[in-house]
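The values are calculated or read from the model by the stated rules, or taken from the named source; none is laboratory data. Note that the coordinates shown come from a computational prediction; the quantities given were computed from them, not determined experimentally. Please note: Cβ atoms are built from the backbone with ideal geometry, for glycine as well, and neighbour counts cover all protein chains shown. Only protein heavy atoms, including side chains, enter the accessible area calculation; ligands, DNA and RNA are left aside. Shrake-Rupley method; radii C 1.70, N 1.55, O 1.52, S 1.80 Å.
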Amino acid sequence: GVMVWFVPRLAQHLNQRFSPLACIGWIAAVVACCLWAVSAMWPLWGVLPAVLMMACMGLLGYTLGRALHAETDSAQRATVLSLKGMLFNLGYGAASWIFATLLSQMAKNPMTKLSPQGALSQALLVQAIIFTCGFSLVYWGWARRSWSRGTQAI
């Protein structure tokens, strides 16, 4: 809850200093590091990367909202921003469903039954790998397209 005091100011600072593409790149890099840290399942300290990931969700929402606000004319702005919120919720739900399915499949694996947290740890690690690889491909494709059009990325 305390993060709501800091995230908007940080988001505003980042968005004034960097382009949306650069902000999303920074956010994704932090989220990837946090996913890797969460997969280590550190007692007590493991909550810090999880809190930082939630702060990144706020940063991402602000960055996308600001970019969409700048690109959309005022007659369609409310519709576009509502659609952004709906897509965020659908994406979060889909990611949660995929993770739950992955976790249930990992729990059935006899190798993960060697430790009580084996299935969860492996599922978190797979999630970190998928996010890092998948987002890297999408991000660099977007950045390359942006650079080829002559759009300033940073």
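Which label belongs to the value computed from this structure, given these candidates for mean projected area of the Cα convex hull in nm²: (i) 10.7; (ii) 9.6; (iii) 13.1?
So the calculated entry is the one marked (i).
With a Förster radius of 25 Å, plug the Cβ-Cβ distance of T72 and S19 into 1/(1 + (r/R0)^6) and report the FRET value to the nearest 0.05.
The calculated FRET efficiency here is 0.90.
Please calculate how many Å² of accessible area region 1-71 carries per residue, with a 1.4 Å probe and no DNA, RNA or ligand atoms counted.
With the other protein chains kept in place, region 1-71 gives 62 Å² per residue.
Would you please put 36-47, 61-72 in order of how densely packed they are, using the mean number of other Cβ atoms within 10 angstrom per residue and starting with the highest?
61-72, 36-47
If you count only protein heavy atoms and use a 1.4 Å probe, how large is the accessible surface of T132, to the nearest 10 Å²?
Roll a 1.4 Å probe over it and T132 shows about 40 Å².
Need one number: nm distance between label points at S146 and A95, each 7 Å from Cα along Cα→Cβ, rounded to one decimal.
In this crude spin-label approximation the distance works out to 1.8 nm.
Karplus couplings for region 82-88 from phi (6.51 cos²θ - 1.76 cosθ + 1.60, θ = phi - 60°), rounded to Hz, Gly and Pro as x?
Once rounded to whole Hz, the list reads 5, 4, 4, x, 5, 5, 4.
Using helices alone, what [θ] at 222 nm do you get for the chain, with -39,500 (n - 2.57) per DSSP H run of 4 or more residues, divided over all residues and rounded to the nearest 500?
After summing the helix terms and dividing by the residues of the chain, the value is -28500 deg cm²/dmol.
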